[in-house]
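Every number here is computed from the coordinates shown, using simple stated rules; none is lab data. Please read all numbers here as calculations on a predicted model, not as lab measurements. FYI the Cβ positions are ideal-geometry reconstructions off the backbone, even for glycines, and counts take in every protein chain you see.
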Amino acid sequence: MRVMAQMGMVMNLDKCIGCHTCSVTCKQTWTNRTGVEYVWFNNVETRPGLGFPRRYEDQEKWKGGWKLDRRGRLRLKAGGRAKKLLSIFANPNLPDMEDYYEPWTYDYDSLVSAPAGSDDFPVARPKSLVTGKDMSIQWSANWDDDLGGTTETGHEDPIVQKIGDKVKFEFEESFMFYLPRICEHCLNPACVASCPSGAMYKRAEDGIVLVDQDQCRGWRMCVSGCPYKKVYFNHTTGKAEKCTMCYPRLEVGQPTVCSETCVGRLRYLGLFLYDADRVAEAATVENEHDLMNAQKSILLDPHDPEVQRQALADGIAPDWLEAAKNSPVYELACKYNVALPLHPEYRTMPMVWYIPPLSPVVDALTETGHDGEDIGNLFGAIEAMRIPIEYLAELFTAGDVEPVNDVLRKLAAMRAHMRNVNLGQPVDESIAEAVDMTVAEIESMHRLLAIAKYEDRYVIPPAYEAAANSLLDELPGCSVSFDSEPGDRGVQGDAPIPVTIESFHLTKQRLEAESYEDLDYKQ
Amino acid sequence: MSGLDIFLFGVFPYICLTSFVVGHIWRWKHDKFGWTARSSEWYERRTLRWASPMFHFGLLGVIVGHFVGLVIPQTWTEALGIHENVYHAFALIGGLAAGLVMLIGLVGLAVRRLKTPAIRLATTPNDKFMFAVLGVVIFLGLSVTVYWQLIEGGYNYRESVSIWFRSIFYFNPQISDIAAAPLLFQLHALSAMFLFLIWPYTRLVHVFSAPVFYLWRPYIVYRTRDAETEPGAALTPRGWEKSELPGQKTSKR
């Protein structure tokens with residue numbers, strides 16, 4: 001056993017309202033630059049839908065991720081090292097501008113510079129950010145947002161194709177939910193394995209997958225190797241770029257931009273401990289339905305004394321171990337067993353997990369006039385609504401409906417139980433027992449999922465903060481530097497404290513305060 | 001042997017090769033971020049799919065041919081019992097085949113670059129200059145082969161050009177040998193030298209990052225957070241720029 005730490009995320013899809021705030025704030029922070037206009041480190045997809053880039057889940061076409069060869073060994077789906085080198089002059093599996101979209105802006109200036117008194121109404125024409133010419137907008141990162149146009153395109157969704165033609169796109173019969181996606185920061189990342197230059201790496205401390213911009217030579221094998229298509233090609237610099245899990249923010253104890261700005265408070269950040277020696281073994285499990293449990297089996301219980309001993313021996317700091325014990329993502333994935341990985345069948349061991357949404361079921365139920373919070377109705381509906389559940393299963397469990405059913409039944413039980421509590425009705429223990437939980441467990445899960453306090457959602461290891469003073473200068477967008485000489489970073493002697501550190505602590509205090517009286521800085 | 005010959009074949013090559021070596025070291029130290037082939041596959045992939053491999057594999061064949069012709073002395077091949085006529089026939093067939101594959105690829109790439117607005121816009125003045133020089137070198141090289149080896153029936157460059165080429169590296173340039181060679185050979189050699197001169201300052205640097213170590217590397221790479229900035233990484237990295245409409249750029253690259 002070799003214990004390593006991994007920063008992980010869980011998203012509670014029931015609470016996602018598809019507002020795209022995460023995408024927009026992420027874009028403003030990281031990809032508002034030439035060459036990455038089309039790049040969304042975070043995007044929100046409406047499902048059913050084609051996703052971004054279009055049909056990225058069709059691995060028979062894009063060849064992302066891993067597969068097992070005939071002898072059951074783990075192989076990159078796009079081919080091994082020799083094949084990669086031979087196809088280096090033209091990557092055969094690379095999505096191009098047509099698969100993403102041609103980025104554009106509008107000629108806003110024509111609105112203010114149009115001559116007065118003209119009969120013509122001024123129009124801001126779309127202009128291509130690639131060629132600068134007028135263009136006709138044909139597609140974008142969110143073309144099928146809220147099922148827009150899915151009567152035309154919906155059947156091209158690779159998952160709809162997989163589960164057959166049972167998915168209805170008529171307004172009355174459709175179901176819909178949102179899927180926010182960032183880089184999965186996989187335990188077995190196919191992008192890292194695909195990089196011929198060795199420029200991509202997993203940080204040993206927290207498992208964040210990064211691209212070394214000085215070492216990247218722009219061979220683009222990572223872009224095609226990633227089955228989630230979350231490594232992007234900067235077409236101006238000729239280098240790969242990807243979600244960094246906002247590591248400069250995590251290192252000073254702040255959650256990622258997408259988490260911090262999430263309106264629905266649906267994102268959870270925390271540490272997983274895992275057994276690095278068994279990653280390959282878990283990724284090589286033959287039956288795709290077993291992959292999720294194989295991945296769970298290498299996640300280690302931070303409360304286990306044996307794991308704790310080994311973690312310390314393997315160089316994990318005591319306060320990181322403490323953070324791992326309080327990790328909400330571990331609780332959701334392995335204690336309550338309500339979080340599921342996205343596409344485990346890609347065999348990359350993804351580390352951004354999802355709580356599947358119960359809301360399509362509840363919505364359908366209430367639309368038929370039934371009580372959507374009655375446990376009997378909910379359990380019945382989960383049984384009856386095959387299509388949404390099969391769809392969710394194709395996303396999260398390689399098509400195995402049982403684990404999805406189990407999660408939805410837990411969410412339904414939580415809903416029904418808390419309704420009783422809130423209405424002051426007698427507690428019905430049989431609800432919790434029906435999903436193999438206790439009343440206390442259901443209520444603590446409710447606290448984590450529904451109350452979702454800031455400090456419960458984000459448990460970021462404090463060891464990062466030791467280095468925070470010097471790292472704060474590098475935060476994007478808001479640095480106040482007191483450097484007198486180049487290279488002389490950090491706060492020393494009686495130099496003034498950078499504004500960023502002060503505001504960081506104030507913000508943190510404000511977010512964690514229970515009431516106004518708790519604040520030291522009442523204005 | 002005129003003064004011009006001495007400069008062109010005795011001095012100029014050293015200027016070029018010095019620039020080649022020192023330039024690469026300088027570029028590596030100061031601009032690792034810019035060290036890339038700057039692929040345009042994202043803009044267009046249909047033509048690139050066949051044209052780029054044809055050009056590159058053809059070029060690799062041409063480079064192997066040049067190595068055999070320039071670096072291996074005639075006496076060695078003769079010692080192996082390979083007669084000049086046999087060598088010539090092989091060189092001609094192999095060279096023409098590789099050259100033709102490369103040329104078809106090159107035409108495909110050039111047409112693609114000119115016809116796709118996005119790629120044309122992504123072509124910097126530096127790129128245009130380099131493509132022009134590279135084009136001249138390739139044109140002259142193919143002209144030499146077609147005119148001297150095919151139409152004129154063969155010129156044994158191994159008794160003149162190759163001796164001069166090797167002598168450069170002994171620091172005892174045999175200027176009279178190359179001065180006696182036909183003009184096309186001289187022009188091809190000089191244009192190639194000029195290409196070496198500008199090489200480190202263009203996108204051609206990507207040739208030296210051919211990732212052969214990938215064959216032996218473990219798939220998953222781990223690095224620690226505290227790793228010092230690599231030596232050679234620029235202190236002030238060549239940054240990223242604000243997104244603006246092409247043609248209206250205000251920020252400097």
**Prompt:** Looking only at other chains, what is the average number of their beta-carbon atoms within 10 angstrom of each beta-carbon in A:119-128?
**Reply:** 1
**Message:** 5 Å is the cut-off here: which amide hydrogens, built 1.01 Å from N in the peptide plane, fall below it relative to residue A:133, excluding neighbours closer than 5 in sequence?
**Reply:** A:128
**Request:** Go ahead and set up a Gaussian network model of chain B, Cα springs under 10 Å, then flag whichever of B:79, B:97, B:181 fluctuates most.
**Result:** B:79
**Complete:** Here segment A:39-56 yields Karplus 3J(HN,Hα) values (6.51, -1.76, 1.60; θ = phi - 60°; whole Hz; Gly and Pro given as x) of 8, 10, 4, 10, 9, 10, 9, 7, 10, x, x, 7, x, 9, x, 3, 6, 5
**Request:** Have a look at A:23, B:202, A:327 and report the one farthest towards the positive end of the charge dipole of the protein assembly as shown, computed about the Cα centre with Cβ charges (Lys/Arg +1, Asp/Glu -1).
**Result:** B:202
**Request:** Ignore the peptide's own chain and count Cβ atoms of other chains within 10 Å of each Cβ in A:228-239; give me the average, rounded.
**Result:** 4
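I'd like the mean, over residues of B:119-127, of how many other protein chain beta carbons sit within 10 Å of each residue's own Cβ.
2
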**Item:** trypsin sites (Lys or Arg not before Pro), loop per DSSP, at most 11 other Cβ atoms within 10 Å - longest free stretch of chain A
**Value:** A:167-521
**Item:** Amide proton proximity set for residue A:106, modelled H, under 5 Å, gap of 5+
**Value:** A:127
**Request:** Please list, in chain and number order, the residues 5+ apart from residue A:340 or on another chain whose amide H is under 5 Å from its amide H, with Hs placed from the backbone.
**Result:** A:354, A:355
**Fill in**
The farthest towards the positive end of the charge dipole of the protein assembly as shown, of the residues A:271, A:41, A:11, given +1 on Cβ of Lys and Arg and -1 on Cβ of Asp and Glu, is A:41
**Message:** Loop only by DSSP, 12 or fewer other Cβ within 10 Å of the Cβ. Give me the GluC sites (Glu not before Pro) in segment A:276-323 that pass, ordered by residue number.
**Reply:** A:286
**Prompt:** How large is ³J(HN,Hα) for each residue in segment A:263-270, as worked out from phi by the Karplus curve 6.51 cos²θ - 1.76 cosθ + 1.60 (θ = phi - 60°), to whole Hz, x for Gly and Pro?
**Reply:** 5, x, 6, 9, 9, 10, 10, x
**Request:** Please report, in debye to the nearest 20, how large the charge dipole of the protein assembly as shown is about its Cα centre when each Lys and Arg carries +1 at its beta carbon and each Asp and Glu carries -1 there.
**Result:** 3460 debye
**Prompt:** Which whole-angstrom value gives the distance between the alpha carbon centres of segment A:401-447 and segment A:205-231?
**Reply:** 41 Å
**Request:** Quick one: net charge around residue B:88, please, counting Lys, Arg +1 and Asp, Glu -1 for every other residue with C-beta under 15 Å from its C-beta.
**Result:** -3
**Fill in**
Yeah, segment A:106-197 with a ≥ b ≥ c from its alpha-carbon gyration tensor (a/c under 1.5 is rounded, else prolate when a/b outruns b/c, oblate otherwise) is oblate
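Taking the Cα centre as origin and putting +1 on Lys and Arg beta-carbons and -1 on Asp and Glu beta-carbons, what dipole magnitude results for segment B:3-216, to the nearest 20 debye?
In debye, rounded to 20, segment B:3-216 gives about 1160.
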**Prompt:** Can you flag which of A:229/A:296; A:202/A:239; A:77/B:115; A:15/A:61 are past 22 Å Cα-Cα?
**Reply:** A:229/A:296; A:77/B:115; A:15/A:61
**Request:** Could you go through segment B:69-83 in sequence order and give the Karplus-derived ³J(HN,Hα) for each residue, using 6.51 cos²θ - 1.76 cosθ + 1.60 with θ = phi - 60°, rounded to whole Hz, and x for Gly and Pro?
**Result:** x, 9, 8, 8, x, 4, 4, 5, 5, 5, 4, 7, x, 8, 6
**Item:** Cβ-based charge dipole, segment B:3-216, positive-most Cα from B:182, B:95, B:136
**Value:** B:136
